[in-house]
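See below for the structure under consideration.
The values are calculated or read from the model by the stated rules, or taken from the named source; none is laboratory data. What you see is a predicted model; the values in this text were computed from it and never measured. Positions of Cβ are backbone-derived with ideal geometry, glycine not excepted, and every protein chain shown enters the neighbour counts.
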Amino acid sequence: MAKTKDWNVAAERLPELLRRMPKAELHIHIEGSLEPELIFAMAARNRVAIPYSSVEELRSAYAFSNLQSFLDIYYAGASVLQTEADFRDMAWAYLERAAADNVVHAEIFFDPQTHTVRGVDMGIVINGLHRACTEARDALGVDASLILCFLRHLSEQEAFETLEAAMPYLGKFIGVGLDSSELGHPPEKFAKVFARCRELGLHLVAHAGEEGPPAYVWAALDVLKVERIDHGVQSTKDTALMKRLAQDRIPLTVCPLSNLKLCVFPQLAQHNLRELLDAGLVATVNSDDPAYFGGYMNENFLQTFAATGLGAQHAWQLARNSFDASFIDAAQKRRYADLLDATFAAFE
Ligand code: ADE
Ligand code: ZN
């Protein structure tokens, strides 16, 4: 495992180090960054009715018991998005928050089927999001790219139709993922469409082992041939799977506050992030749907470290893992790794 040295940072300086260290975010659903204020502003400008009378009332509905209870509200929130400017503004708001958290690289999920089903054209979605990513490079110093996700509660045929609609924009996204309701929708359901995406040279990732069993993680690896697993926290239930993930250096994009809010773990102190790191897995920390789960990147780091007692060495490992697990080239990975080491050196 990559390790330059043992970092010695005073405990009281750890929160500032967590905030300041450069990091990559690899698991963020852009529709999950839509804050209630923006939902209301877009509903008003697009004349879309929403069943809440105020920002406060909407926010108070964010009490979830599992993944599905969240998804129902998340898809309703996304219904206010109509124009290319809406998609650009949503992504821009996220990228500004990412920059404030010292996220220097982001690989951003989007759910086109949530929008195309409402009659919004694929071009409006992708062009709007892509514009924000392009602008962020110079204006915010954040390097961002897009990953198109297929909704697993829909059919593989619908995933193929989505891919077809996205073909004119192939240069504007770097990969595909699989999200939405996990239980009852195993990875195998999407074997053919992932094989086609692989032929097209797209990167492949999939949500697996968030609520679903280790068997879904195996299938994502062996059937879909994904390069990263999104969540994957159920993998600790299967020793052979843990060995496979460690040996093949398959990254897990872990989302602690999401896991807490969706009741995957009863308390943050019981989260298994330390176990994943101790087993030598390439685990990373991410925000998933920050507007719904109570925090962006730094909040995920700060709350998780406070609850689990992780230290500076873990912080360095998680940030380094985030760059190693990303889809950037080796030279850029090296530059980010050097920037990370310089930041830590300044804290010793
Ligand atoms: N879509 C948005 N957030 C998700 C999550 N945590 N799991 C599956 N699908 C999602
Ligand atoms: Zn997710």
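Going by the conditions given, is F70 aromatic (F, W, Y) and assigned to a strand (DSSP E or B)? Considered against the rule, which asks whether it is aromatic (F, W, Y) and assigned to a strand (DSSP E or B), F70 comes out as no.
Among the residues making up region 160-187, none is crowded, with 19+ Cβ neighbours inside 10 Å, under 20 Å from V120 (Cα atoms) and touching a Gly at 6+ places or on another chain (Cβ under 8 Å).
What about Y216, is it within 16 Å of ligand 2 (Cβ to nearest atom), within 18 Å of the chain's Cα centre (by Cα) and hydroxyl-bearing (S, T, Y)?
When the stated conditions are applied, Y216 does not pass them.
Using the structure shown, decide if A342 is away from ligand 1 (no atom under 15 Å from the Cβ), without any contact (Cβ under 8 Å) to a residue 24 or more places away in the chain and surrounded by fewer than 23 Cβ atoms within 10 Å (Cβ to Cβ). In short, yes. In summary, L276 fulfils each of the numbered conditions (1) within 16 Å of ligand 1 (Cβ to nearest atom); (2) touching a strand residue (DSSP E or B) at 6+ places or on another chain (Cβ under 8 Å) with the single exception of condition (1).
Among the residues of region 6-58, which ones are touching a strand residue (DSSP E or B) at 6+ places or on another chain (Cβ under 6 Å) and within 16 Å of ligand 1 (Cβ to nearest atom)? I'd like the intermediate steps shown before the answer.
Our first condition is that a residue be touching a strand residue (DSSP E or B) at 6+ places or on another chain (Cβ under 6 Å); within region 6-58, this holds for 22-30.
Those that are touching a strand residue (DSSP E or B) at 6+ places or on another chain (Cβ under 6 Å) and within 16 Å of ligand 1 (Cβ to nearest atom): E25, L26, H27, I28, H29, I30.
Applying the set (1) assigned to a loop (DSSP other than H, G, I, E, B); (2) crowded, with 24+ Cβ neighbours inside 10 Å to F190 leaves exactly one unmet item: (1). Filtering region 224-236 to residues that are surrounded by fewer than 24 Cβ atoms within 10 Å (Cβ to Cβ) and either touching a His at 6+ places or on another chain (Cβ under 8 Å) or farther than 29 Å from Y74 by Cα (or both) leaves only E227. Taken as a whole, the condition of being out of contact with any strand residue (DSSP E or B) (no Cβ under 7 Å at 6 or more places or on another chain) and of a type in the set (A, V, I, L, M) does not apply to A283. The set of residues in region 72-102 being charged (D, E, K, R) and within 19 Å of the chain's Cα centre (by Cα) consists of D72, R88, D89, E96, R97, D101. Residues of region 280-302 that are touching a Pro at 6+ places or on another chain (Cβ under 7 Å) and either under 16 Å from N321 (Cα atoms) or within 15 Å of ligand 1 (Cβ to nearest atom) (or both): V282, T284, V285, Y296, N300.
Look at (1) charged (D, E, K, R); (2) in contact with a Lys or Arg (Cβ under 9 Å, 6 or more places away or on another chain); (3) under 27 Å from V264 (Cα atoms) and you find that E57 fails only one, number (2).
Scanning region 320-348 for residues that are aromatic (F, W, Y) and in a helix (DSSP H, G or I) returns F323, Y336, F344, F347. State whether the residues of region 9-23 include one that is more than 23 Å from I108 (Cβ to Cβ), touching a helix residue (DSSP H, G or I) at 6+ places or on another chain (Cβ under 8 Å), modelled with pLDDT under 95 and not hydroxyl-bearing (S, T, Y). Yes, some residue in region 9-23 is more than 23 Å from I108 (Cβ to Cβ), touching a helix residue (DSSP H, G or I) at 6+ places or on another chain (Cβ under 8 Å), modelled with pLDDT under 95 and not hydroxyl-bearing (S, T, Y). Among the residues of region 167-209, write down those that are more than 11 Å from ligand 1 (Cβ to nearest atom), of a type in the set (D, E) and in contact with a Leu (Cβ under 9 Å, 6 or more places away or on another chain). Hit for region 167-209 is E188, nothing else.
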